[in-house]
């Protein structure tokens, strides 16, 4: 159990450190350009090559961010490859800490759960940066989903229910999380997964443009619930997505496990 506690603390601290350095060096006055930098950061950290922007190693400020991102991914991949940590226990500890964070929230605030199908760590960190920049207090953590797909995520969160009921859906998971956290309501945001299956043989600019639009839509939903209803938002994803290079400067978007995959990170955010 000590190894689980230590790994949980390590991953959360590295993610928070990356969030802070992003806020320090990325210009969020230009929102789409800021999104491009965060996207490029994780692409280069996982693939070790540029995607749309220049090589971040050549910028003294951005190379430090790249190192933070590479270290975070290295720790995630070590858990998966070495199999020295039980990912079920790791997820439970992440949720335990999230529940403790919720207990500190105002008892008068209603809670609202958003479960995202296919939200990447890229999108989650970008949203966290915007919220943090506006003065929001937040909790952020990575859940490791070694299969990089919804099925393995459902097993991680509800192992017994999944075994007993193979038809368990992401909507079922969202409802159960809402019940456990005594939330007022929940939604499943499916837009990412829908576009992941559509973005095939497209250019880098098309991928970033699409994902930026979806992330902006999700951000607006969060701020609407938070501002209009004063809610505490619990946002989760089941997995991320990866960019696969093809010939002729074209790319596919998919979600699956592979060496140095971003799909294996499922984000957890409370604001």
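So which residues in the range 192-237 are without any contact (Cβ under 8 Å) to a residue 40 or more places away in the chain and either in contact with a helix residue (DSSP H, G or I) (Cβ under 6 Å, 6 or more places away or on another chain) or part of a loop (DSSP other than H, G, I, E, B) (or both)? Residues satisfying the conditions are 197, 198, 210.
This table checks each residue for (1) in contact with a helix residue (DSSP H, G or I) (Cβ under 6 Å, 6 or more places away or on another chain); (2) farther than 20 Å from residue 143 by Cα; (3) modelled with pLDDT under 95.
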residue: 3; (1), (2), (3): no, no, yes
residue: 9; (1), (2), (3): no, no, no
residue: 14; (1), (2), (3): yes, no, no
residue: 25; (1), (2), (3): yes, yes, yes
residue: 29; (1), (2), (3): no, yes, yes
residue: 38; (1), (2), (3): yes, no, no
residue: 47; (1), (2), (3): no, yes, yes
residue: 51; (1), (2), (3): yes, yes, yes
residue: 66; (1), (2), (3): yes, yes, yes
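Just one of the listed residues (61, 96, 92, 130) is within 23 Å of residue 207 (Cβ to Cβ) and surrounded by fewer than 21 Cβ atoms within 10 Å (Cβ to Cβ), namely 130. Scanning the range 195-211 for residues that are exposed (fewer than 13 other Cβ atoms within 10 Å of the Cβ), more than 14 Å from residue 117 (Cα to Cα) and out of contact with any strand residue (DSSP E or B) (no Cβ under 7 Å at 6 or more places or on another chain) turns up 198, 205.
From the residues in the range 17-29 that are out of contact with any strand residue (DSSP E or B) (no Cβ under 7 Å at 6 or more places or on another chain) and part of a helix (DSSP H, G or I), which one is surrounded by the most Cβ atoms within 10 Å (Cβ to Cβ)? Looking at the filtered set, the residue picked out is 18.
Residues of the range 148-171 that are more than 20 Å from the chain's Cα centre (by Cα) and either buried (at least 21 other Cβ atoms within 10 Å of the Cβ) or assigned to a helix (DSSP H, G or I) (or both): 159, 160, 161, 162, 163, 164. I'd like to check something: does the range 80-93 contain any residue that is over 19 Å from residue 236 (Cβ atoms), out of contact with any helix residue (DSSP H, G or I) (no Cβ under 6 Å at 6 or more places or on another chain), in contact (Cβ under 8 Å) with a residue 60 or more places away in the chain and assigned to a helix (DSSP H, G or I)? For the range 80-93, residues over 19 Å from residue 236 (Cβ atoms), out of contact with any helix residue (DSSP H, G or I) (no Cβ under 6 Å at 6 or more places or on another chain), in contact (Cβ under 8 Å) with a residue 60 or more places away in the chain and assigned to a helix (DSSP H, G or I): present. No other residue among 32, 40, 70 is touching a residue at least 12 places away in the same chain (Cβ under 8 Å) and surrounded by 18 or more Cβ atoms within 10 Å (Cβ to Cβ) apart from 40. Just wondering, is there one or more residues in the range 227-234 that are under 15 Å from residue 126 (Cα atoms) and surrounded by 13 or more Cβ atoms within 10 Å (Cβ to Cβ)? No, every residue in the range 227-234 fails to be under 15 Å from residue 126 (Cα atoms) and surrounded by 13 or more Cβ atoms within 10 Å (Cβ to Cβ). Between 42, 51, the distinction of being part of a loop (DSSP other than H, G, I, E, B) and under 20 Å from the mean Cα position of the chain (by Cα) belongs to 51 only. If you go through the range 124-147 and keep only what is under 22 Å from residue 31 (Cα atoms) and either in a helix (DSSP H, G or I) or under 10 Å from the mean Cα position of the chain (by Cα) (or both), you end up with 124, 125, 126, 127, 128, 129, 130, 131, 132, 133, 140.
The values are calculated or read from the model by the stated rules, or taken from the named source; none is laboratory data. From a predicted model like this one, the values you see are computed outputs, not experimental measurements. Virtual Cβ from ideal backbone geometry, glycine too; neighbours counted across all protein chains shown.
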